1. When ranked by the protection proxy of mean other Cβ atoms within 10 Å per residue, highest first, what sequence do the peptides 123-136, 203-216 form?
2. Between residue 143 and residue 175, what length comes free when the chain is fully extended (0.36 nm per residue of separation minus the Cα-Cα distance, one decimal in nm)?
3. How charged is the neighbourhood of residue 55? Take every other residue with its Cβ under 11 Å from the Cβ of residue 55, and add Lys/Arg as +1 and Asp/Glu as -1.
4. Could you check the simple spin-label distance between residue 65 and residue 216, using points 7 Å along Cα→Cβ, in nm with one decimal?
5. What is the sum of charges, Lys and Arg at +1 and Asp and Glu at -1, for the other residues whose Cβ falls under 9 Å from the Cβ of residue 200?
6. Can you sort 185, 76 by how many other beta carbons sit within 10 Å, fewest first?
7. Could you calculate the FRET efficiency of residue 107 with residue 37 from 1/(1 + (r/R0)^6), where r is the beta carbon distance between them and R0 is 45 Å, rounded to 0.05?
8. Report, in listed order, any pair from 49/71; 49/119; 2/119; 2/134; 71/189 with a Cα-Cα distance greater than 20 Å.
Amino acid sequence: MKAMLIDATRCVGCRSCQIACKEWNNLPGEQTEFFAAKGYQNPRDLSAKTWTLITYNELKVNNRFEWVFGKRQCFHCQEPACATACPVRALEKTSAGPVVYHPNLCLGCRYCQLACPFKIPRFEWHSPVPKITKCTMCADRVAAGLEPACAKACPTDAIIFGERETLAAEAENRIHRNPRGYVHHVYGKDEVGGTCVMHLSNVPFAELGFSPNLPRRSLVQHVQHAMQPIPFLIAGLGIALGAISWIVNRRIELQEKEQQQCPQPTHDSPQ
Ligand code: SF4
Ligand code: SF4
Ligand code: SF4
């Protein structure tokens, strides 16, 4: 299974990855904001138009202040809660690794947003027919034997792509070779059953904005339990809408029949 390893200690904050993601996925630019306290300009958060974001923080590392950069994007969970929550299978875990979504199936119900432990999926608020969007791990490129666009664009190899087991071993090796240079944890290796996007850092992951206390076990069973009534609700909603439509049509038919039987007096009758 394919995966990505993102090493925050190698990131220089150039945001080539952000731009490559927009270029490859044909995503429009959006209004950026100036973060005066930190002195940079960036979209505020992930959005339907921004599937990956480099976050900037000036933090104390080994007794001196350093810029530390984190990359936000979908984690491509091994057992994705988003796909379990989706009542119409618009999100799908592929055997190659990426969790892809099928916009033609999406109802816009947003259950995937509620289920995702990393708060990744975004809603197309700007669209008259809104759907969910998120990073696809460039599944089209991966299927063609290419690496994701963001990994290809990174000039420092802060993002590498490969087999998940190889990358997990490489991450452990980097910590082993340089124990003072890393937090001793590969984020994503075990969280929520393991993910296909793993991170290394030299500051606690909470300081990069990552949830620090996620369980190791998959959340799929919890989500399945919570979602059990949903198909019945959807079926019930369908029946209710069908019944309303039948009643409305029946009333229109009856009104038309009544009008045919008793024609209304016209205003242009002879005087
Ligand atoms: S990070 Fe969220 S959106 Fe991405 S695969 Fe996991 S549950 Fe789904
Ligand atoms: S893997 Fe592809 S879709 Fe995901 S952040 Fe990188 S470039 Fe964007
Ligand atoms: S391209 Fe690489 S070095 Fe530049 S911001 Fe992205 S991850 Fe960091």
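1. 123-136, 203-216
2. Values: separation 32, 0.36 × 32 = 11.52 nm, distance 3.10 nm.
Going from the current span to full extension adds 8.4 nm.
3. Numbers: positive: 15, 38, 44, 71, 72; negative: 45, 207.
Taking every other residue near residue 55 into account, the sum is +3.
4. It is 3.8 nm.
5. Net of charged neighbours comes to +1.
6. Taking fewest neighbouring Cβ atoms as first place, the list is 185, 76.
7. FRET efficiency, residue 107 to residue 37: 0.65.
8. 2/119
The numbers here are math on the coordinates, done by the rules we state, and not lab data. Predicted model only: the values in this text are computed from it and were never measured. Neighbour counts are summed over all protein chains in view; Cβ atoms, including those assigned to glycine, are modelled from backbone coordinates with ideal geometry.
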